[in-house]
Structures are given as C-alpha cells and as structure tokens.
Amino acid sequence: MGWHNNIRIGWRLYCTYCNEDAKSYFRYENDNGEIIDCLEKKGWNFRFFYIRDTFSPLWHSIYTETERVALGIFLGLDLIKIQNLIGEIK
C-alpha cells in the first residue's frame, strides 16, 4: 500500500501476521523527516501509536513479498479503556 496517513486523533493498534520472516515492512516518516523501515517477523507483529493532531499525521506505507494479514484498530482518546485492553501505559 502506498504512502497514506490517518488523521483521526487518538491511539491506534495495528496487528499483522506474516507467513515469512523479513519479507514485509511497515515504513513511516518520523518527526525529523527520516524514513524508517520496520521489518516484520514471521508470525504476529504489533504497533501501538498515537496520532496527536491533524497537522502532523503519521505518514506510512506497507510492502510485502509474502502472505500478510493486517488489522487496524482505532482506540480513540479514552486512556482508561486502552489501559483495560493492553495494561499500563508507560
């Protein structure tokens, strides 16, 4: 999937399952404008991040050479609900 962003403010959880090790990645642009590639491991991979405002969305893209299943969940701004789902946020 090409470059895109999620501009809805709040916490997000992305769960992906890959059939092969290091044959897919999640690529994003950090706050310094650097491009970061996160290779995905075989099996489950999890990303938890916060979209802080509509002026600085998280630009990202996805690439795969293997079977990959992805599930994105918008968790919103309710920290109590999020803590109940994933435990204490540090």
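The values are calculated or read from the model by the stated rules, or taken from the named source; none is laboratory data. Being a predicted model, the structure only gives us computed values, none of them experimental. SASA here: full protein model, heavy atoms, side chains in, ligands and nucleic acids out. Shrake-Rupley method; radii C 1.70, N 1.55, O 1.52, S 1.80 Å.
I'd like the full set of residues that are of a type in the set (A, V, I, L, M, F, W, C), open to solvent by 70 Å² or more (accessible area, probe 1.4 Å) and in a strand (DSSP E or B), limited to segment 2-61. Show your work before the answer.
From segment 2-61, those of a type in the set (A, V, I, L, M, F, W, C) are 3, 7, 9, 11, 13, 15, 18, 22, 26, 35-36, 38-39, 44, 46, 48-49, 51, 55, 58-59; that's our starting set.
Imposing the further condition that a residue be open to solvent by 70 Å² or more (accessible area, probe 1.4 Å) reduces the set to 3, 7, 35, 39, 44, 46, 48, 55, 59.
Answer for segment 2-61, where residues must be of a type in the set (A, V, I, L, M, F, W, C), open to solvent by 70 Å² or more (accessible area, probe 1.4 Å) and in a strand (DSSP E or B): 35, 39, 44, 46, 48.
In segment 29-46 there is no residue matching the filter, namely being within 10 Å of the chain's Cα centre (by Cα) and modelled with pLDDT under 90. Looking across segment 64-78, the residues that are within 18 Å of the chain's Cα centre (by Cα), over 16 Å from residue 44 (Cα atoms) and open to solvent by 50 Å² or more (accessible area, probe 1.4 Å) come down to 74, 77.
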